[in-house]
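One structure is given below, encoded as structure tokens.
The values are calculated or read from the model by the stated rules, or taken from the named source; none is laboratory data. Keep in mind that this is a model prediction, so the values were computed, not measured. Heads up, the Cβs are rebuilt from the backbone with ideal geometry, glycines too, and the neighbour counts pull from every protein chain shown. Accessible surface areas use protein heavy atoms only, side chains included; no ligands, DNA or RNA. Shrake-Rupley method; radii C 1.70, N 1.55, O 1.52, S 1.80 Å.
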Amino acid sequence: MPVTNSQSGTRVDEVAEGIYRIHTPVAAIPGGFSFNQYLLVDEDPLLFHAGPRSMFPLVREAIASVMPVEKLRYVAFSHVEADECGSLNELLAAAPQAEPLCGSVAAMVSVNDLADRPARALADGETVSLGGMRVRWLDAPHLPHGWECGYLFEETGGTLFCGDLFTQPGAEHAPLTTGDILGPSEAMRGVMDYYAHGSAARPLFQKLAATRPKTLACMHGSAWSGDGERLIRELADAVAPAAS
Ligand SMILES: [Fe+2]
Ligand SMILES: [Fe+2]
């Protein structure tokens, strides 16, 4: 059964081979909202987004429905915020071999102080093998926010863990959709502009698009399946249009 906690509505769905989306609906904003974490099940399992500290029992329960929590090897995240790494230390305590995995700026500025164990800090373009899968870190400072911001791309299956990009409002979503996520995320940006609008946004979007992802693993809302290169370029045109 995909629902792992009937009270919160937390559920787990496989959205790409070996990649599980943990989804919890919340009432944080009018109309509802949601938080996702992604579990990559491999020899060295990785969780992308620790989730808020208040959600740790739900996330632990959801992971345990797929694999033993203590086997987690990496807890990775895009940038330093509660929904990205709020329960990092709880997860490190639950999984003795686990390390924080993040960009080098995040490790230097925050994580090596906040976390109970040192981070494995990744340079832009650096890869880590999880066994069958391999993830690559992509620096994306200030896209959408946070100097330390970056993303992971899983190279063997083509999944981009795109964090807050394509943030969709609402509490209930299909786990994986081929429908429109750009429209809803742009509508949300219209009322809550969470972008830093840094000067390098457009080339950073182009760098992400160049991975040609088949799946976009969004933190808020549905994961998406399709031509990720095209959709990221459309998002770039909406957020950071080319100078005319
Ligand atoms: Fe964020
Ligand atoms: Fe977020």
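Summary table below
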| item | result |
| --- | --- |
| Lone unmet requirement of (1) in a loop (DSSP other than H, G, I, E, B); (2) open to solvent by less than 30 Å² (accessible area, probe 1.4 Å) for L152 | (1) |
| Segment 103-146 - residue that is of a type in the set (S, T, Y) and in a strand (DSSP E or B) and, of those, farthest from ligand 1 (Cβ to nearest atom) | S129 |
| Hits in segment 95-126 (condition: in contact with an Asp or Glu (Cβ under 9 Å, 6 or more places away or on another chain), farther than 15 Å from S78 by Cα and not aliphatic (A, V, I, L, M)) | P96, Q97, R117, P118 |
| Test: F161 is closer than 23 Å to A200 by Cβ, more than 16 Å from ligand 2 (Cβ to nearest atom) and open to solvent by less than 40 Å² (accessible area, probe 1.4 Å) | no |
| Failed criterion for Q206 (all others in (1) among the polar types (S, T, N, Q); (2) within 16 Å of ligand 2 (Cβ to nearest atom); (3) part of a helix (DSSP H, G or I) hold) | (2) |
| Members of segment 6-21 that are of a type outside the set (G, A, S), free of Cβ contacts under 8 Å to residues at least 60 places away in the same chain and farther than 21 Å from G132 by Cα | Q7, T10, V12 |
| Members of segment 212-244 found to be under 27 Å from R134 (Cβ atoms), outside any helix (DSSP H, G or I) and open to solvent by 20 Å² or more (accessible area, probe 1.4 Å), listed by number | R212, K214, S225, G226, D227 |
| Qualifying residue in segment 116-123 (condition: among the acidic types (D, E) and in contact (Cβ under 8 Å) with a residue 40 or more places away in the chain) | no |
| Residue tally, condition touching an Asp or Glu at 6+ places or on another chain (Cβ under 7 Å) and in a helix (DSSP H, G or I), over segment 54-88 | 1 |
| Residues that are part of a strand (DSSP E or B), open to solvent by less than 10 Å² (accessible area, probe 1.4 Å) and more than 16 Å from ligand 2 (Cβ to nearest atom), drawn from segment 89-102 | P100, L101 |
| Candidate set from segment 25-45 (those that are within 16 Å of ligand 1 (Cβ to nearest atom) and within 14 Å of the chain's Cα centre (by Cα)); member that is surrounded by the most Cβ atoms within 10 Å (Cβ to Cβ) | Q37 |
| Count of residues meeting criterion [within 13 Å of ligand 1 (Cβ to nearest atom) and within 25 Å of P30 (Cα to Cα)] in segment 147-171 | 6 |
| Single condition R11 does not satisfy, out of (1) over 26 Å from M108 (Cα atoms); (2) open to solvent by 20 Å² or more (accessible area, probe 1.4 Å); (3) within 14 Å of ligand 2 (Cβ to nearest atom) | (3) |
| Residue, farthest from H220 (Cα to Cα), within segment 46-71, restricted to residues that are out of contact with any strand residue (DSSP E or B) (no Cβ under 9 Å at 6 or more places or on another chain) and surrounded by 16 or more Cβ atoms within 10 Å (Cβ to Cβ) | V69 |
